[in-house]
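This report concerns only the one structure given below.
The values are calculated or read from the model by the stated rules, or taken from the named source; none is laboratory data. All values reported here derive from a predicted model rather than from experimental measurement. Quick reminder, even Gly has a Cβ in these numbers, built from the backbone with ideal geometry, and neighbours come from all protein chains shown. Areas reflect the complete protein model, heavy atoms only, side chains present, ligands, DNA and RNA absent. Shrake-Rupley method; radii C 1.70, N 1.55, O 1.52, S 1.80 Å.
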There are 4 protein chains.
Amino acid sequence: MQANKGSLVPYGEDEWTSRAADAFRTLFEKACEVFFVFNGTAANSLALAALCQSYNSVICSSYAHVETDECGAPEFFSNGSKLLVARTDSAKLTAHDVRTLSTCRHDIHYPKPRAVTITQPTETGELYSLTEIRQIAAACHELGLYLHMDGSRFANACAALGCSPADMTWRAGVDVLCFGGTKNGMAVSEAILFFERSLADGFDYRCKQAGQLASKMRFLSAPWVGMLESGAWLRTAHHANACAKRLAEQLTDLSNITLMFPVQTNSVFIKSEERILDRLRMRGWRFYTFIGGGARFVFAWDADPAQVDRLAADIRLLSRIEPLNAAVEDQFPDPQQPSSLD
Amino acid sequence: MQANKGSLVPYGEDEWTSRAADAFRTLFEKACEVFFVFNGTAANSLALAALCQSYNSVICSSYAHVETDECGAPEFFSNGSKLLVARTDSAKLTAHDVRTLSTCRHDIHYPKPRAVTITQPTETGELYSLTEIRQIAAACHELGLYLHMDGSRFANACAALGCSPADMTWRAGVDVLCFGGTKNGMAVSEAILFFERSLADGFDYRCKQAGQLASKMRFLSAPWVGMLESGAWLRTAHHANACAKRLAEQLTDLSNITLMFPVQTNSVFIKSEERILDRLRMRGWRFYTFIGGGARFVFAWDADPAQVDRLAADIRLLSRIEPLNAAVEDQFPDPQQPSSLD
Amino acid sequence: MQANKGSLVPYGEDEWTSRAADAFRTLFEKACEVFFVFNGTAANSLALAALCQSYNSVICSSYAHVETDECGAPEFFSNGSKLLVARTDSAKLTAHDVRTLSTCRHDIHYPKPRAVTITQPTETGELYSLTEIRQIAAACHELGLYLHMDGSRFANACAALGCSPADMTWRAGVDVLCFGGTKNGMAVSEAILFFERSLADGFDYRCKQAGQLASKMRFLSAPWVGMLESGAWLRTAHHANACAKRLAEQLTDLSNITLMFPVQTNSVFIKSEERILDRLRMRGWRFYTFIGGGARFVFAWDADPAQVDRLAADIRLLSRIEPLNAAVEDQFPDPQQPSSLD
Amino acid sequence: MQANKGSLVPYGEDEWTSRAADAFRTLFEKACEVFFVFNGTAANSLALAALCQSYNSVICSSYAHVETDECGAPEFFSNGSKLLVARTDSAKLTAHDVRTLSTCRHDIHYPKPRAVTITQPTETGELYSLTEIRQIAAACHELGLYLHMDGSRFANACAALGCSPADMTWRAGVDVLCFGGTKNGMAVSEAILFFERSLADGFDYRCKQAGQLASKMRFLSAPWVGMLESGAWLRTAHHANACAKRLAEQLTDLSNITLMFPVQTNSVFIKSEERILDRLRMRGWRFYTFIGGGARFVFAWDADPAQVDRLAADIRLLSRIEPLNAAVEDQFPDPQQPSSLD
């Protein structure tokens, strides 16, 4: 609110932006370069474009958001850098995947790998351990690749692993981090951190040209000041993670409800019969089913535990309905408001 | 504020976004397609990219913001559409310029003109009359060109001309309008209006791919609801225009201060000796000098008339100082806070 | 040779280029638009870029050359159009694949499908039957997609299927064809045929901007005149196909040599033990192993049947060597010149 | 011709390509990196794209071919690098222009200059002296800019200045040269020379992705072997220059025919009354008038001196016809074949 008062020097040279950048440097214990952009699509795509030339490629998991849900944005921003997708069943990339995809071909028809991107936590809510990140980073640097971390839910990973932001990133070998603000409760803002400062050369121009320089930059940067300085970024992430655990624990004894992935951060993926999911929807619950057909529940920074319990109760009840005994449903109370999802 | 409460369907399918779009349709008396993006760079560049293929060109004035101040953004978003610049002394393009640039060459080495962009009001604060817009539009449509209007200060033009938004745009032949919110007092948001709806085909995908789709779109759209429904958009523009006129009128009798352009909207460009500008700066006034070396004063929606008068008084005083009699300056009171500029 | 004499109007407006285009129109029994570019990378990438906007996607097989061997060229020329890859075991796309990939998602995060590309014959030397092409085309047009055919070895497909070029393309529903000249014996030249002429609007400008307009266009176009008017394009393709069949027939009785794909055009893919392939290489034979680790032998328009027989003899001999009895190899004659591969 | 025989390793790893590259290294007395592409559009655009990021800009003369005649190709290949055009009356850029355009603005809205391109000889047939090139190069390197030379008629410049290729390029401070083959008599081929080898990192991939890697590269490279090893490249350039001089000398005494630019290489620009130019055209002479409305005569490597004399005679005759006495023309012999133009 405070940042909205009065007139300030535009385009990111104001005091709020500089204070937000400093808050990141303090939090990450590193004199990194910090930029603020409008959303995650731009943050990840611009960061990858800064690491690559158009003829380079980026190694990623087949679950990676940049591959599945960005409508070609990475290719657009980089003018053609291809994503090389590891065709494994896991959302987590391994050092082995990196080695395989970057050494299987060396001919000129294969876009030269230049960067690796991992999502922490993954799109399935799973975590890379510090050891796994270090192994991937070691493979990257041995092979001349940069390591980019898509941290749209970075806070949730920090909360879950209980490690410092520095340990999970540059100390483990990450070169660039996109730190999500939107999923952390902010209106519009993602931060991009270059731990190797020379990688940020010209990045301000790149942002400007790509329509990601806010004239009133303080609206993007100022919210981070409060968020980081107060520790709210981590507190709310702990809360969101706890909500996911709270839901999962209430579902473990149900035979026809399966948790698709370990619940490690703030999302729960449920595999169930379609009729159960349909009834959940009818009762007003909103969720996506784009990964493996399961229902994804992601808990936001401000999720209401009572809502979580109501959701659990609904799932429990629906899971017990016999396929042919739909009448039981009539006992149901009125549909609830949907949970706060991100 | 109200839009920030609770959780809503993301990515622009929420109620606020639809209400804001409807407010535009009402204001413009037209069932147009409406999109919201983060800033003016993106609004103009995406709109032009939607009108052109990479091998097309866009005709503009040599003063056009897209030519002088977008760091290659139009070329980036369109993947190479060249700007064909009318080399005239005026910030205003004419129907004659359009005809000349689009018919002077027809060979394949000359990027095929496909769109014309005009800024209303221009970067120099001048206005196209309705007749002029109609003449340009007639030339465009006769030559198979689309007409795009960069309206980053569109409200100021409406206030100054006293005409309806419809008259200044689609009724005059404008195909696409970028309506500025940032310079109208909003944090981050520009609206793009396609009056010919088929031109908007796929534009939602274009925005998404280019990192201009807000997941919490209501933060971009909701402020427009209040702004448009209350009439504030026009009221504040009238106020800003009046401030510019107020400044200009206090400077007309000064022999060594020249108004570079007619003061028609909310900016005043002053030509003066460098030493006078320097002293203005020393007294805390902030202004750009990028057009013709003159000082540009742009008055924001919330400019304070008392500030305007203080600025006028400072300019009057400084204009009377003899070059070699700098001592007079000692009589000055302390520097003031800078005016509210956009 | 004849076209090299004297000075002609440059940039494709010469008589040879117009005569070559007419030869294509005659051959295809269709008043199509014809363009000549330098190589297959450009031909396919430009054709797809003409069909798509940057936010669109192109459906293809996982074996498709545009996906595996173009170093990101399709994404570069189109400024980000993503390839949606059918994850099947076959090099041949099916109408079912087209339907699945184009209807599985409709959200804005999924690049909107706009074109389908099939390679005839496929990268594995297999053929789409006319029925299969018609089925794919029907699915395409029902779904609002264009059908592009990568015909870098189009002549071999015509020779093998014994059908007219028209039947294999526009009569079956193909919208755009890239007809390969390089693999047909020419130095540098690929032809692009738009059967729906409106799709070619502006394509000349697109070629120019992308560095694919030859100032001395006759060098690209004139060789086609002789090739098409004399029927050589088809005669040489028949010959190349026959060479592949000749090799395959001599290998059918070998227990440790497997033909990986049906031999339908001019290539033979052999699966064998690595030590056998190694010895083939030592004996001077050149081949790629990029598909499934097998050895690919592709026979050119001018392949020498005697060479084919020598290759067959070498494979037969090597296939009989016991793993531990390398001494047998000493009986071998000197390595031969490599076969003529494309 | 010799290179067309038999089958060779494709994609530029053949013996002819390596021999052609060596011939350039010998000629330029420098271990430079050498690439061959299909035409000048691609050569210049790819070279500039290798020097710039999309948000960078390239300083050039307003006469520069990349600005006036490439249909947006430089912007397309670089994904948006803007050309900053020196608005002077001369086709020759000066060190002063470079300094002005690269230091006049430092804000983020101005695309950051990264390269300078000069054409030697210029589009008007004029020459930069070695001193001028050195001055421009010094300014470039002082300002952190690369110097690119568009040498589509480089041979003519060498012939005219009588200096070594090394002296005109890297010894003077040029970083990258595009050496034209097409205008030197070849079918399709331009060479790109990076004198600073690290600038060529990844350039082979860039060429491949942009559709400029010939599978039968020897067709692009082999002609250079003969051309360079035999000295023909320079001999033919001397001849072409001499033809231009021969024409100019026969026109000096005509009062209504003006030479627009000093005739320093192989082109002659004539300013004349439109009726004279029209009659020249009627007599079968072909020429462009795109620069300043004058007639451009460019003499090719194989221009026929007798033709030059016939052209001179025609101009002399036409220049003497009274405006109202068109009957004189009836005395004219039949129109001649057009001169050999490039």
Q: Residues being more than 12 Å from chain C (Cβ to nearest Cβ) and open to solvent by less than 10 Å² (accessible area, probe 1.4 Å): count how many of those fall in region D:22-47.
A: 3
**Q.** Selection within region C:17-40 - in contact with a strand residue (DSSP E or B) (Cβ under 9 Å, 6 or more places away or on another chain) and among the polar types (S, T, N, Q)
**A.** C:Thr17, C:Asn39
Q | Single unsatisfied condition, C:Gly211 versus (1) crowded, with 22+ Cβ neighbours inside 10 Å; (2) within 23 Å of the chain's Cα centre (by Cα); (3) not assigned by TED's automatic domain parsing to the domain that holds C:Gln120 | A | (3)
**Q.** Criterion violated by B:Gly12 - all others in (1) under 24 Å from B:Arg197 (Cα atoms); (2) modelled with pLDDT of 95 or more satisfied
**A.** (2)
**Q.** Residues being touching a residue at least 40 places away in the same chain (Cβ under 8 Å) and farther than 30 Å from D:Ala240 by Cα - total across region D:135-154
**A.** 6
Q: Could you grab me the full set of residues in region C:36-84 that are free of Cβ contacts under 8 Å to residues at least 24 places away in the same chain and in contact with a Leu (Cβ under 8 Å, 6 or more places away or on another chain)?
A: C:Glu67, C:Glu75
Q. With D:Ala187, D:Ala200 as the choices, which residue is open to solvent by less than 20 Å² (accessible area, probe 1.4 Å) and either more than 9 Å from chain C (Cβ to nearest Cβ) or of a type outside the set (Phe, Trp, Tyr) (or both)?
A. D:Ala200
Q) Quick check: is even one residue across region D:177-186 modelled with pLDDT of 95 or more, out of contact with any Gly (no Cβ under 8 Å at 6 or more places or on another chain) and closer than 18 Å to D:Ala137 by Cα? A) no
Q) Pick from D:Thr88, D:Thr131: which is at pLDDT below 95, out of contact with any His (no Cβ under 6 Å at 6 or more places or on another chain) and not assigned by TED's automatic domain parsing to the domain that holds D:Thr265? A) D:Thr88
Q | Check on D:Ala155, touching a Gly at 6+ places or on another chain (Cβ under 9 Å), within 29 Å of D:Phe297 (Cα to Cα) and open to solvent by less than 10 Å² (accessible area, probe 1.4 Å) | A | yes
Q) Hey, any hits in region B:117-124 for a residue that's in a loop (DSSP other than H, G, I, E, B), open to solvent by 30 Å² or more (accessible area, probe 1.4 Å) and touching a residue at least 12 places away in the same chain (Cβ under 8 Å)? A) no
Q: Would you please name the residue that is farthest from A:Gly211 (Cα to Cα), looking only at residues in region D:62-85 that are open to solvent by 10 Å² or more (accessible area, probe 1.4 Å) and not in a loop (DSSP other than H, G, I, E, B)?
A: D:His65
Q: Kindly provide the set of residues from region A:191-203 that are in contact with a Phe, Trp or Tyr (Cβ under 7 Å, 6 or more places away or on another chain) and closer than 25 Å to C:Asn79 by Cβ, ordered by number.
A: A:Ile192, A:Ala200, A:Gly202, A:Phe203
**Q.** Pair list, Cβ < 9 Å and 6+ apart or interchain, from region C:85-103 residues that are more than 17 Å from C:Thr119 (Cα to Cα) to residues that are open to solvent by 50 Å² or more (accessible area, probe 1.4 Å) and part of a loop (DSSP other than H, G, I, E, B)
**A.** C:Arg99/C:Leu143; C:Ser102/C:Leu143; C:Thr103/C:Leu143
Q) Which of the residues spanning region D:247-259 are open to solvent by less than 50 Å² (accessible area, probe 1.4 Å) and touching a residue at least 24 places away in the same chain (Cβ under 8 Å)? A) D:Leu247, D:Leu251, D:Leu254, D:Asn256, D:Ile257
**Q.** When residues of region B:214-243 are limited to those that are of a type outside the set (A, V, I, L, M, F, W, C) and within 13 Å of chain A (Cβ to nearest Cβ), the one least open to solvent (accessible area, probe 1.4 Å)
**A.** B:Ser221
(Q) When the residues of region D:269-313 are narrowed to those that are part of a strand (DSSP E or B) and within 14 Å of chain C (Cβ to nearest Cβ), which ends up most open to solvent (accessible area, probe 1.4 Å)? (A) D:Tyr288
